[in-house]
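Trainee: First the structure, which I've put down as structure tokens, then a few questions once you've had a look.
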Amino acid sequence: MKGDTELTEKILSLKRARNAVILAHNYQVGEVQDIADFVGDSLELSQNAAKTDAAVIVFCGVHFMAETASILCPDKTVLLPDMHAGCPMANMITAESLKRRKRELPEATVVCYINSLAEVKAESDVCCTSSNAVKVIESLNTEEVLFVPDQYLGHYISTKTGKKMILWNGFCPTHMRIQPEHIVELKQEYPQAKVVVHPECTAAVIALADEVLSTGGICRYARREDVTQMIVGTEIGIIHRLKKENPGKKFIPASEQAVCPNMRLITLEKVLWSLEDMNPEVKVPEDIRLRAKTAVDRMLEIT
Ligand code: 13P
Ligand code: SF4
């Protein structure tokens, strides 16, 4: 552990020297969460990025999250400690494929999940995250919505809002690993436990849940006094924060296989190297940034 303490001290001192802030997603490994200035869900992280005074943002998450910070803060240096930390779901749609679909659906309002490339946000009318998706869709006074890229989140929102939604066929491979049988078996083993799942899960899993929440929502729900045991249907990195904030409560992963390999690519060493080298940097080209920002700003105004 001495190594980790030395690493942490180096990171914290370089962070001060560079006037940097470290933002970490709830799925990050425990030691990365523990050195972060702020840990949260996609919406909370983008709101934090938008208001920080720091000159440098070290984004411990995946590429689309760092891109969102770059969209909101063009004058800041946004570092992603491993450039390979992408999101497979975000890569399931490109600006070109979206443009083709828009030509087939000229009347539709395009809503893109924040888990998307900046070039896709630039082709969208408004963005949303898992925590504000229902609110964003409800705010639209259009008949037809084209929702990209997550078909499961899109389907879940359609059940909540009654809107006619045309869905892209994207999905999160990590959340696909959570199967209804896992929940059924765990409910038998822990009958007192609340079942809380992320809306990227399939409809069959969502149907078995007591609550469907963003990662930030899951963390808030866990603090409730009436919750003592929770079956957690999302990426297992969140268990670190849940246990840390709620000692004495029991958190049971719906599936130990629900691991996002991309989130795991960020390590303490890479955080240090990124601050030393001021690299790898994520910077969205200005023409794309300006168009993408319109969709992100519209979301932030609604939220
Ligand atoms: P949240 O916005 O709920 O943190 O979700 C992000 C994500 O990538 C889920 O897989
Ligand atoms: Fe993308 Fe799924 Fe990983 Fe979230 S958990 S970053 S949606 S691959």
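The values are calculated or read from the model by the stated rules, or taken from the named source; none is laboratory data. The structure presented is a predicted model; accordingly, all values stated were derived computationally and were not measured. Note that we place each Cβ from the backbone using ideal geometry, even for glycine, and neighbour counts take in every protein chain shown.
Trainee: For residues that are away from ligand 1 (no atom under 11 Å from the Cβ) and either surrounded by 22 or more Cβ atoms within 10 Å (Cβ to Cβ) or without any contact (Cβ under 8 Å) to a residue 12 or more places away in the chain (or both), tally how many sit in segment 37-54.
Mentor: Taking segment 37-54 as the starting set, the residues that turn out to be away from ligand 1 (no atom under 11 Å from the Cβ) are 37-38, 47-54.
Going one step further and asking which of them are either surrounded by 22 or more Cβ atoms within 10 Å (Cβ to Cβ) or without any contact (Cβ under 8 Å) to a residue 12 or more places away in the chain (or both), we end up with 49, 51, 53.
Here the count works out to 3.
Trainee: To continue, here is another question. Would you tally the residues in segment 94-119 being more than 15 Å from ligand 1 (Cβ to nearest atom) and within 21 Å of V282 (Cα to Cα)?
Mentor: 4
Trainee: Right, here's the next one. With the requirement that a residue be aliphatic (A, V, I, L, M) and either surrounded by fewer than 21 Cβ atoms within 10 Å (Cβ to Cβ) or closer than 27 Å to Q33 by Cα (or both), what does segment 187-205 give you?
Mentor: Correct list: A193, V195, V196, V197, A203, A204.
Trainee: So, one more: Can you confirm whether S46 is within 16 Å of ligand 2 (Cβ to nearest atom) and within 18 Å of F171 (Cα to Cα)? Even if it seems obvious, please write down each step before you answer.
Mentor: Values: within 16 Å of ligand 2 (Cβ to nearest atom): yes; within 18 Å of F171 (Cα to Cα): no.
No; evaluated as a whole, the condition is false for this residue.
Trainee: Hey, another quick one. Those residues that are over 16 Å from C219 (Cα atoms), of a type in the set (A, V, I, L, M) and either more than 16 Å from ligand 2 (Cβ to nearest atom) or out of contact with any Leu (no Cβ under 8 Å at 6 or more places or on another chain) (or both), I need them from segment 6-41; list them, please.
Mentor: Correct list: L7, I11, L12, L14, A17, A20, V21, I22, I35, A36.
Trainee: Might you check whether a residue that is within 16 Å of ligand 1 (Cβ to nearest atom) and either in contact with an Asp or Glu (Cβ under 7 Å, 6 or more places away or on another chain) or under 22 Å from G237 (Cβ atoms) (or both) occurs anywhere in segment 180-196? Give the derivation first.
Mentor: First, the residues of segment 180-196 that are within 16 Å of ligand 1 (Cβ to nearest atom): 196.
Now narrow it down to the ones that are either in contact with an Asp or Glu (Cβ under 7 Å, 6 or more places away or on another chain) or under 22 Å from G237 (Cβ atoms) (or both): 196.
Looking for residues that are within 16 Å of ligand 1 (Cβ to nearest atom) and either in contact with an Asp or Glu (Cβ under 7 Å, 6 or more places away or on another chain) or under 22 Å from G237 (Cβ atoms) (or both), one finds at least one in segment 180-196, hence yes.
Trainee: Determine if segment 106-116 includes at least one residue that is at negative phi and assigned to a helix (DSSP H, G or I).
Mentor: Within segment 106-116 (the criterion being at negative phi and assigned to a helix (DSSP H, G or I)), the answer is no, since none of the residues qualifies.
Trainee: Oh, and also: What are the residues in segment 135-150 that are within 16 Å of ligand 1 (Cβ to nearest atom) and surrounded by fewer than 20 Cβ atoms within 10 Å (Cβ to Cβ), if any?
Mentor: Answer for segment 135-150, where residues must be within 16 Å of ligand 1 (Cβ to nearest atom) and surrounded by fewer than 20 Cβ atoms within 10 Å (Cβ to Cβ): just K135.
Trainee: On to the next question. Hey, among the residues in segment 67-93 that are more than 16 Å from ligand 1 (Cβ to nearest atom) and free of Cβ contacts under 8 Å to residues at least 40 places away in the same chain, which one's nearest to E143 (Cα to Cα)?
Mentor: Ranking the qualifying residues of segment 67-93, first place goes to C73.
Trainee: Assigned to a helix (DSSP H, G or I) and in contact with an Asp or Glu (Cβ under 6 Å, 6 or more places away or on another chain): does that describe L98?
Mentor: yes
Trainee: When segment 159-175 is examined, which residues are found to be touching a helix residue (DSSP H, G or I) at 6+ places or on another chain (Cβ under 9 Å) and more than 14 Å from T142 (Cβ to Cβ)? Give the derivation first.
Mentor: Going residue by residue through segment 159-175, those that are touching a helix residue (DSSP H, G or I) at 6+ places or on another chain (Cβ under 9 Å) are 159-161, 163-172, 174-175.
Across segment 159-175, the qualifying residues are T159, K160, L167, W168, N169, G170, F171, C172, T174, H175.
Trainee: While we're looking at this one, here's another question. If the requirement is being more than 13 Å from ligand 2 (Cβ to nearest atom), of a type outside the set (S, T, N, Q) and either on the phi < 0 side of the Ramachandran plot or over 14 Å from the mean Cα position of the chain (by Cα) (or both), which of these qualifies: A66, A95?
Mentor: Unique residue meeting the criteria: A95.
Trainee: Checking the conditions here, which among N132, N169, N115 is surrounded by fewer than 16 Cβ atoms within 10 Å (Cβ to Cβ) and either of a type outside the set (K, R) or at pLDDT below 95 (or both)?
Mentor: Values: N132 fails: surrounded by fewer than 16 Cβ atoms within 10 Å (Cβ to Cβ); N115 fails: surrounded by fewer than 16 Cβ atoms within 10 Å (Cβ to Cβ).
Only one candidate passes the filter, namely N169.
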